[in-house]
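J.: Please read through the structure below; I'll follow up with questions.
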Amino acid sequence: MIRHLFTLIWNRKRANFLLMAEILLSFFVLFVVSLLLVNNYHNYRQPKGFAPDNVWEFNVDPGQDTVDRKGTLRRLVQELQATPGVAAVTWTSSNTPYSFSNMNTDQYRYKDQKAPLTEVYDADDEMVRVLGQKVVAGRWFDRRDDAATHTPVVVNQKFAEAMFGQESAVGKVLTDDKRTRQWQVVGVIEAYRSGNDFAANEAALFERHVLQDTAQYGNNTLLVRVQPGSGAVLEQQLVRKIKAVTKGWDANVNTLAENRQDKLRIMLTPLVALGLVGGFLILNVALGLFGVLWYNISQRKAEIGLRRALGATGRGISRQFLGEMLVVTTLGVTGGLLLAVQFPLLGVFGLPPQVYALAMSLATLLIFALTAICALQPSRTAAGIHPAVALREE
Amino acid sequence: MENILAQSAVRPQATAATLAATAQPVIQLRDIEKVYQTKTIETVALNRVNLTIHKGEFVSIMGPSGCGKSTLLSIIGLLDEPTSGVIELDGRPVQSYSDKELAALRNQKIGFVFQSYHLINDLSVLDNVELPLLYRSGVGGRERRERAYAALDKVGLSARTNHFPSQLSGGQRQRVAIARALAGNPEIILADEPTGNLDSVMGEEIMDLLLGLNRQEGTTIVMVTHDEQQAHKTQRLIRFFDGSQVQ
Ligand SMILES: Nc1ncnc2c1ncn2[C@@H]1O[C@H](COP(=O)(O)OP(=O)(O)OP(=O)(O)O)[C@@H](O)[C@H]1O
Ligand SMILES: [Mg+2]
């Protein structure tokens, strides 16, 4: 019977080729949509590498005040740290977690190894106490780094693996592309996915900046870890303190949790839109397949009647139609898989192999489910066709 | 017991046959009615038909167009159900068979030759002839092939096995259809104007083929025809008019 199916499909290759092409294309679209969804989900499941809960972000703006900004900031940090309910305060660049700014560069070199595109953050000694990054090798910045000859940096594992491979990162000295600057790695953290919940685990590097330095000033962002359960009362208190210390600088507060929600919403909007478009596309394909099968069966009524006359049961007829659809789908999906497998082979998006594998399986599953659903009703109708009536059709 | 009663009820026709009264009835129709109901009109295609066909008989059916001959064949061939009345196959009422059993009966007992050939255009001649064996369990691919070749040989088409129906003449197509019926080696052949589309020489050949099958293999044949000469070569002629038997 299987050979018979193949013979039938082969002899009807022109009609089946179109059907196969439709299945191949829809498989491909499903694959790309699946790839996007699976990749986002995969990223979502990766460790964030830091703890955003109970962290508040203060953006202070000196405005027209030009008198000893750095001294004022230093005093402000001390005041905030001394406030009951505050666990730690860090002074950093504006690319805080879930913010809309980022800085990246691929200027770092180690021997001949060129760095991948790396997210760069300014950090002080306190940051690890505020954001809780997990140090897996070496240490976070501290007073010992005051005497460093090269700018101390902490990198994430992704960066360390890309630059140093299996070798230990701690103590390694990086230069820039013109070999004019040097950085020395003092520690490695597990990960730092701070852009949004779906951000990939990209290479990251923290450069030590402290308020005690005389040079390099320009950051006006403070992150404050507060005791769990702190609310509006503490917030008011901190804002009043900022006003008092800075004598009128502007200050606004957000919690990282709020920022995270905002960012998530913005990330989800295109995903949902794409999902909807994908959904409509699938619906379209389903209606198309359904129509084709329906037409196919009405075209083949006489054949159905004949097969019944020669001894096919109604169920046998429906199985034949399902079987034909299964073979055509399998051929279409095989073609689609051959195309899809080029993505990881050619390294188009540079996603992890298991993401591709999962997306392929998902798309395969979906397309088989889709064709099964579309083929079920027409096949059942075919089974119910009255043989004597069908034989009158010519 | 019921069997004997049934036989006596249709005795007038049975005695009209040239067949020995001792032969077993294979097909019995009792008070068969077939009414086609459409939105506008009701067509009585068969009106209280009683008919007994015995094992090994060659029966021809004649009648004007639209008198219900094809309808009768599809009811005998278990393709259609009568509106009322009883059909018995080998003494067992057909109503008691399941869909699966009916399919098996059609496959093993009955071979059809249709008025309009009904070949599958997307299958080669050989694949078409193999079809009934495809639905029979226990017949392997090789045996199918051999039996299909043998059947095509009988109808003189062994040189055309790889052709497609669209590449054949009407007469050749009808011979393929006959070969398909032969391949299954059925006890009963139901033929609806098997020579209707053929010239007289070809018609003669097909007729001889069927006669030979009837004599040598004892195949029971029911044939619809418009050809008086052919009809007279068979053992019994039944005439139909407007859904009723007239002779
Ligand atoms: N599916 C149907 N619906 C309605 N009427 C039908 C249907 N099938 C057959 N009929 C009617 O039943 C009657 C008998 O048709 P049938 O095909 O049995 O005639 P026939 O004797 O085989 O004719 P011919 O010699 O032209 O083949 C006709 O009047 C036909 O119109
Ligand atoms: Mg007819």
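The values are calculated or read from the model by the stated rules, or taken from the named source; none is laboratory data. Everything numeric in this text was worked out from a predicted model, so none of it was measured. Positions of Cβ are backbone-derived with ideal geometry, glycine not excepted, and every protein chain shown enters the neighbour counts. We work out accessible area using only protein heavy atoms, side chains counted, and drop any ligands, DNA or RNA first. Shrake-Rupley method; radii C 1.70, N 1.55, O 1.52, S 1.80 Å.
J.: Under a Cβ-Cβ cut-off of 13 Å, what is the net charge of the residues other than residue B:222 that fall near it, where Lys and Arg count +1 and Asp and Glu count -1?
T.: In short, 0.
J.: What is segment B:4-245's relative contact order, in percent, from Cα pairs under 8 angstrom and six or more apart in sequence?
T.: On the way: 437 pairs, mean separation 68.0, N = 242.
The value is 28 percent.
J.: Using 1/(1 + (r/R0)^6) with R0 = 25 angstrom and r between the beta carbons of residue A:151 and residue A:250, what's the FRET efficiency to the nearest 0.05? Walk me through the intermediate numbers first.
T.: On the way: r = 31 Å, r/R0 = 1.23.
Once rounded, the FRET efficiency stands at 0.20.
J.: Between residue A:219 and residue A:139, what FRET efficiency comes out of the Förster formula 1/(1 + (r/R0)^6) with R0 = 25 Å and r the beta carbon distance, rounded to 0.05?
T.: That gives a FRET efficiency of 0.65.
J.: Enter the accessible area per residue of segment A:63-248 (Å², integer; probe 1.4 Å; all protein chains in place).
T.: Values: 8840 Å² over 186 residues.
Accessible surface, normalised per residue, equals 48 Å².
J.: Under the rule of -39500 (n - 2.57) per DSSP H run of 4 or more residues, summed and divided by the residues of the protein assembly as shown, what mean residue ellipticity at 222 nm is obtained, to the nearest 500 deg cm²/dmol?
T.: -15500 deg cm²/dmol
J.: Roughly what would the spin-label model give for residue B:65 and residue A:341, points 7 Å off Cα along C-beta, in nm?
T.: Label at residue B:65, label at residue A:341, 6.0 nm between them.
J.: Restricting to Cα atoms and excluding each atom paired with itself, what does the Kirkwood estimate give for segment B:4-245 in Å?
T.: Values: mean 1/r = 0.0541 Å⁻¹.
Hydrodynamic radius (Kirkwood, Cα only) of segment B:4-245 equals 18.5 Å.
J.: Among the lysines, which have Cα under 25 Å from the Cα of residue A:70 when same-chain residues fewer than 8 positions away are ignored?
T.: Correct list for residue A:70: A:241, A:243, A:247.
J.: So which residues of segment B:88-113 lose at least 50 Å² of accessible area, probe 1.4 Å, when you go from the chain by itself to every protein chain present?
T.: For segment B:88-113, once contacts with the other chains are taken into account, B:106 lose 50 Å² or more.
J.: What percentage of the solvent-accessible surface of segment A:317-394, computed with a 1.4 Å probe over protein heavy atoms, is contributed by carbon and sulfur atoms?
T.: 73
J.: Let me ask you something else. Please report the carbon-and-sulfur percent of the accessible area for chain B; probe 1.4 Å, protein heavy atoms only, DNA, RNA and ligands left out. Mind dumping the intermediate values first?
T.: Details: 5400 of 11030 Å².
Accessible surface attributable to carbon and sulfur in chain B totals 49 percent.
J.: Would you tally the net charge around residue B:112, using a Cβ to Cβ cut-off of less than 10 Å, leaving residue B:112 out, and scoring K and R as +1, D and E as -1?
T.: +1
J.: Mind giving me the FRET efficiency for residue A:104 and residue A:11? R0 is 60 Å, r the Cβ-Cβ distance, nearest 0.05 is fine.
T.: On the way: r = 58 Å, r/R0 = 0.97.
Approximately 0.55, to the nearest 0.05.
J.: Which positions within segment A:345-394 get 10 Å² or more of their accessible surface covered by the other protein chains, compared to the chain by itself, with a 1.4 angstrom probe?
T.: Residues meeting the cut-off: A:386, A:387, A:388, A:391, A:392, A:394.
J.: Given a cut-off of 27 Å, what percent of all Cα-Cα pairs of chain A lie beyond it?
T.: Details: 49084 of 77421 pairs.
Taking all Cα-Cα pairs of chain A, the fraction more than 27 Å apart is 63 percent.
J.: Report which residues of segment B:116-155 become buried by 10 Å² or more of accessible surface when going from the isolated chain to the complete set of protein chains (1.4 Å probe; DNA, RNA and ligands ignored).
T.: B:116, B:118, B:120, B:122, B:123, B:127, B:131, B:132, B:134, B:135, B:145
J.: How many square angstrom of accessible surface are buried between A and B, both sides summed, with a 1.4 Å probe and rounding to 100?
T.: Numbers: alone 20640 and 12140 Å², together 30530 Å².
Adding both sides of the contact gives about 2200 Å².
J.: With each label point set 7 Å from Cα along the Cα-Cβ vector, what nm distance links residue A:41 and residue A:261?
T.: In this crude spin-label approximation the distance works out to 2.6 nm.
J.: Given a 1.4 Å probe, how much area per residue of segment A:255-295 is accessible, in Å²?
T.: 63
J.: Then there is this: So which lysines can residue A:172 reach, going by Cα to Cα under 19 Å and dropping same-chain residues fewer than 8 places off?
T.: A:111, A:114, A:158
J.: Let me ask another. Under a Cβ-Cβ cut-off of 9 Å, what is the net charge of the residues other than residue A:311 that fall near it, where Lys and Arg count +1 and Asp and Glu count -1? Show your work: numbers first, answer last.
T.: Values: positive: A:307, A:308, B:106, B:136; negative: none.
Overall, the nearby charge balance is +4.
J.: Rg(Cα) of segment A:140-233 divided by 2.2 N^0.38 Å? All intermediate terms of the calculation are to be shown ahead of the outcome.
T.: On the way: Rg = 16.0 Å, N = 94, 2.2 N^0.38 = 12.4 Å.
Taking the Cα Rg and dividing by 2.2 N^0.38 Å, one obtains 1.29.
J.: How far apart, in nanometres, would the label points at residue A:166 and residue A:68 be if each is projected 7 angstrom from Cα along the Cα-to-Cβ direction?
T.: In this crude label model, residue A:166 to residue A:68 measures out at 5.7 nm.
J.: Using a 1.4 Å probe, what is the accessible area per residue for segment B:135-193, in Å²?
T.: On a per-residue basis, segment B:135-193 sits at 43 Å².
J.: Compare A:30, A:283, A:358 in a GNM of chain A, Cα atoms joined below 10 Å, and give the one with the largest fluctuation.
T.: Most flexible of the set in this elastic network: A:283.
J.: Against the longest alpha carbon principal axis of chain B, how many degrees, from 0 to 90 and to the nearest 10, is the axis of helix B:200-217 turned?
T.: Tilt of helix B:200-217: around 70 degrees.
J.: Now for a separate question. Would you list which aspartates and glutamates come within 19 Å of residue B:109, measuring only between C-alpha atoms, while excluding same-chain residues fewer than 8 positions from it?
T.: B:57, B:80, B:81, B:88, B:90, B:99, B:101, B:130, B:143, B:187, B:192, B:217
J.: Considering only A:231, A:187, A:201, whose Cα is most displaced toward the positive end of the charge dipole of segment A:157-235, charges sitting on Cβ of Lys, Arg (+1) and Asp, Glu (-1)?
T.: A:187
J.: If you don't mind, there's one more thing I want to ask. Roughly speaking, to the nearest percent, how much of segment A:174-255's 1.4 Å accessible area is carbon and sulfur?
T.: Accessible surface attributable to carbon and sulfur in segment A:174-255 totals 47 percent.
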